[in-house]
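Notes for the one structure printed next.
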Amino acid sequence: SESVAPSTPPSESSITSSVPSPVPPKPEIPPDPEIPAVNHLVIERTNNSIRGTWRVDTTKSIPQNMLPPLDGKETIRPNLKLKSTNGAINAKVELVADDRQSRAVIKAQTTNGSVEIQLTSPRGQKCYIELSSTNGAVWAYIPRTFVGPITTKNSTGSVKFAPAMTPNVVTFSETGGEGSHFIGDYEACGYGKGDWHGDELHLKTTHGSIKLFYVGE
């Protein structure tokens, strides 16, 4: 059965010892090109983890009758969605398309467990990523070509950017457990001057740390 979150949040020290954290990965190994590309793939599991490698091709056409219904709050169908209840998520994702295509939408969500995503985009396709957990760490490994806003939200736990990433990060605000940041030169790329169609990353956990790295760190 699903675990019930305590009515009173545990102390940060108890969270640190009890919340699962991802294991730092080995140096990045590109996904096997023989792995078939997918699009609009949804994997949902209960009391089980989700681990794997996926090549996402946003240009790939999928028969309408094979697509699951959208969640109630969704208006755009994700190109890859991983959802677990009581289980960790660990995924390596390669974007197959190039920078002429619309950005890929990647989502990973769990209740009790860590979330770790390593994303590569060899041909420069942009991405919109949402990662969230209730009780668990959230770690994101993104390409060095990533330029865009990052939001972080957690009640207990730290938010850390890897040393190699820190010089490229602009922090706009950190208040009430929520952070607003930007990786890259937001003025040069015109961020805030109209609709944004570039890279975007949203990280959220209630009890756990949030860490960001470049792929390969």
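Observations on the structure shown:
- If the condition is being assigned to a strand (DSSP E or B), polar (S, T, N, Q) and under 20 Å from ARG77 (Cβ atoms), then segment 32-60 contributes no residue at all.
- Whichever residue in segment 171-206 is assigned to a strand (DSSP E or B) and among the small types (Gly, Ala, Ser) and, among such residues, is surrounded by the most Cβ atoms within 10 Å (Cβ to Cβ): GLY179
- Answer from LYS92, LYS107 - the residue that is touching a residue at least 40 places away in the same chain (Cβ under 8 Å) and buried (at least 17 other Cβ atoms within 10 Å of the Cβ): LYS92
- Within segment 116-147, considering residues that are without any contact (Cβ under 8 Å) to a residue 60 or more places away in the chain and either among the aliphatic types (A, V, I, L, M) or on the phi > 0 side of the Ramachandran plot (or both), the one surrounded by the fewest Cβ atoms within 10 Å (Cβ to Cβ): GLY124
- Scanning segment 150-170 for residues that are more than 19 Å from LEU131 (Cβ to Cβ) and assigned to a strand (DSSP E or B) gives a single hit, VAL170.
- Identity of the residue in segment 66-85, of a type in the set (D, E, K, R) and part of a strand (DSSP E or B), that ends up nearest to VAL138 (Cα to Cα): LYS83
- Filter result (among the hydrophobic types (A, V, I, L, M, F, W, C) and either at pLDDT below 95 or assigned to a strand (DSSP E or B) (or both)) within segment 86-117: ILE89, ALA91, VAL93, LEU95, ALA104, VAL105, ILE106, ALA108, VAL115, ILE117
- Verdict on PHE213 being of a type in the set (A, V, I, L, M, F, W, C), buried (at least 18 other Cβ atoms within 10 Å of the Cβ) and either in a loop (DSSP other than H, G, I, E, B) or over 16 Å from the mean Cα position of the chain (by Cα) (or both): no
- Number of the exception - GLY72 against (1) surrounded by fewer than 22 Cβ atoms within 10 Å (Cβ to Cβ); (2) modelled with pLDDT of 95 or more: (2)
- Where a residue in segment 42-70 is farther than 18 Å from LEU119 by Cβ and without any contact (Cβ under 8 Å) to a residue 24 or more places away in the chain and its partner, wherever it lies, is of a type outside the set (Gly, Ala, Ser) and in a loop (DSSP other than H, G, I, E, B), with Cβ under 8 Å and at least six apart: SER61/ASN39; ILE62/ASN39; ILE62/HIS40; LEU70/ARG77
The values are calculated or read from the model by the stated rules, or taken from the named source; none is laboratory data. Please read all numbers here as calculations on a predicted model, not as lab measurements. Neighbour counts are summed over all protein chains in view; Cβ atoms, including those assigned to glycine, are modelled from backbone coordinates with ideal geometry.
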